[in-house]
Amino acid sequence: MSPHRWLLADQLGPHFLDDPGQPVLLVEAREVFRRRPMHRQKAHLILSALRHRAAELGDRAVLLRTGTFREALGQLGGAVEVCHPHSRAALAFARSVDGLTVLPPRGFITSQADFAAWADRSRRAPLRMWDFYRENKRRYGVLTEPAGGARARTPARRDPLDVPPPPAVEEDDIDAQVRRDLDRWAAEGVRFVGRDSPRRYPVTHAEAEARLAHFLRHRLAEYGRFGAVMSAHDPTLAHSVLSSSFNLGLLDPEPAVRRAEQAWRDGWAPRSAVEPFIQQLLGWREFLWQLYWYVEPSFRGGRWLPATEPLPDWFRDLDADAVEARCLADVLAGVRDRGWAHHAQRLLVLGNYGLQRGWRPAELVEWFRQSFVDGTDWVMNATVIGMSHYADLGRVDTRPYAVDGAYIDEISDYCAGCRYVPERALGDLACPYTGGFESFLHRNGARLADDPRLTAELAARDDPEHREAVLAQEEKRGDNPP
Ligand SMILES: Cc1cc2nc3c(=O)[nH]c(=O)nc-3n(C[C@H](O)[C@H](O)[C@H](O)COP(=O)(O)OP(=O)(O)OC[C@H]3O[C@@H](n4cnc5c(N)ncnc54)[C@H](O)[C@@H]3O)c2cc1C
Ligand code: SF4
């Protein structure tokens, strides 16, 4: 008899199976939910996706509910194989189990060998996503024609976005049972963060495919223009909101890339919208996945900016009601209510706030992982530590994403309704992002010498009296909600 294929909770799409007759193992291990708090909607997605997959596979699948994964494997007995897990901890566990065969990774486009060959070719040069993306386009024959044409105009703050929202997903009896189980676990002491809501995100391949098809037909055309925009009135803008579907393994990224390219060829969306979307999947997503395995875990001990402050409770608990700063209150409420925010909100509102205040990167990584429905180790290490929380990743080219309130005002409609004034760094109306930005520059100036943008920003603020006043004000603000 062929071995069971163990499908982990992030390996639930058809591309994680080959032989249509092979028996399948699925495991719900309580240790995952007990170990550390998780967003309630993320816990729901994981359980619902596992149970839906078991229902789809019928007699072919066995779904075991145990305390630990080891118990489940012991209960099943016999030979088991699993595709390469998506975290170092899970890989180490899989390798420690006798009789468990670890197969090559799936759910990504580039092979580890191809990435290593590319990275090793330029031994001394910093690794840049743009070079990797260019190489990947060539390797996979995607968007090979020169782009040409004008770049899409970034919309003004109040330009309306006229696209339908992602279509709703329907809950069923499986979701109802998941909700009852999670209520019971919570009563038994398992800690969740965030609010429950009717399920917002796909849990099956079919639901995710329907979302992708809707996105390509109705939303992709505006993706490029609205990528870096933030709006208090529209949490999703033209984003695909498919990250949890990719990360649960419901969608295979390579066909998604091909279909996005086809959407351009069919005239559904301009190249200026399709290219940035494909760049996220074939560029960023692949690059960060490969970096996670290529760069040794010791990179965490690299050339940190000093960042030793703990995360304050209001942030950890997603207490958006305690926050007056409109941008941060809105994004934090989105995380509390939806377990999701788009890229600019994560980078410029959440990560930027923590970077300015020197919050501990490892705690911020943990916070992102637990609070987001798509939160996953391999993105987070490089994204939070490398981009949001500037740290030397060895050979990886990174910059600190520190910006002030005036920048947030340029790309959002938040500031008009805020009690603070984006240009002010000092006084009662001082924007916490502007005061925080200046304080960050003054505290870290010498370490930012190789960043021309921040060096120029620092040089423009050379009044010692103003500097001392800003530093004292931000020190006083401490970890109070802004
Ligand atoms: C501080 C910080 C933390 C983040 N943490 C995560 C995380 O835990 N998990 C996660 O999947 N993404 C993470 N991202 C990347 C990105 O913000 C999300 O993937 C994206 O916002 C998800 O929304 P979407 O599906 O609408 O993406 P879209 O904008 O529609 O992009 C399409 C797809 O491309 C991929 N993608 C987009 N941007 C990135 C990126 N920068 N890196 C890797 N893949 C990307 C995702 O799979 C996404 O679904 C993080 C970004 C930042 C700045
Ligand atoms: S003024 Fe500052 S705190 Fe208020 S919304 Fe703008 S950037 Fe955010």
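What follows draws every value from the coordinates through simple rules; no lab data is involved. In this text, all values refer to a predicted model and were calculated from it rather than measured experimentally. Glycine also receives a Cβ, built like all others from the backbone with ideal geometry; neighbour counts cover every protein chain displayed.
Couple of notes before you dig in:
- Spacing of the modelled spin labels on Ala113 and Ala186, each 7 Å from Cα toward Cβ, amounts to 4.9 nm.
- Taking 0.36 nm per residue of sequence separation and removing the Cα-Cα distance, the Ala176/Arg424 pair yields an extension gain of 84.3 nm.
- Phi angles of the range 204-209 translate, via the Karplus equation with coefficients 6.51, -1.76, 1.60 and θ = phi - 60°, into HN-Hα couplings of 10, 4, 5, 5, 5, 4 Hz per residue; Gly and Pro are given as x.
- Working from Cα pairs under 8 Å separated by at least six residues, relative contact order for the chain is 16 percent.
- A Förster distance of 35 Å, applied to the separation of the beta-carbon atoms of Thr101 and Leu161, puts the FRET efficiency at 0.15.
- Whether the range 300-477 is rounded, prolate or oblate, judged on the alpha carbon gyration tensor where a/c under 1.5 counts as rounded: oblate
- Label-point separation in nm, Arg138 to Ala213, each point 7 Å along Cα→Cβ: 3.7
- Note on Glu410/Arg461: beta-carbon distance plugged into 1/(1 + (r/R0)^6) with R0 of 25 Å gives a FRET efficiency of 0.85.
- Relative contact order for the range 155-219, counting Cα pairs under 8 Å that sit 6 or more residues apart, in percent: 55
- FRET efficiency, Arg36 to Val62 (Cβ-Cβ, R0 35 Å, nearest 0.05): 0.80
- Nearest 10 degrees, 0 to 90: helix 253-265 Cα axis against the chain principal axis: 70
- Stretched out straight at 0.36 nm per residue, the stretch from Ala168 to Tyr401 would grow longer than its current Cα-Cα span by 80.5 nm.
- Amide hydrogen proximity for Glu81: with H placed 1.01 Å from N in the peptide plane, the residues at 5 or more positions away or on another chain lying under 5 Å are His4, Arg5, Trp6, Thr101.
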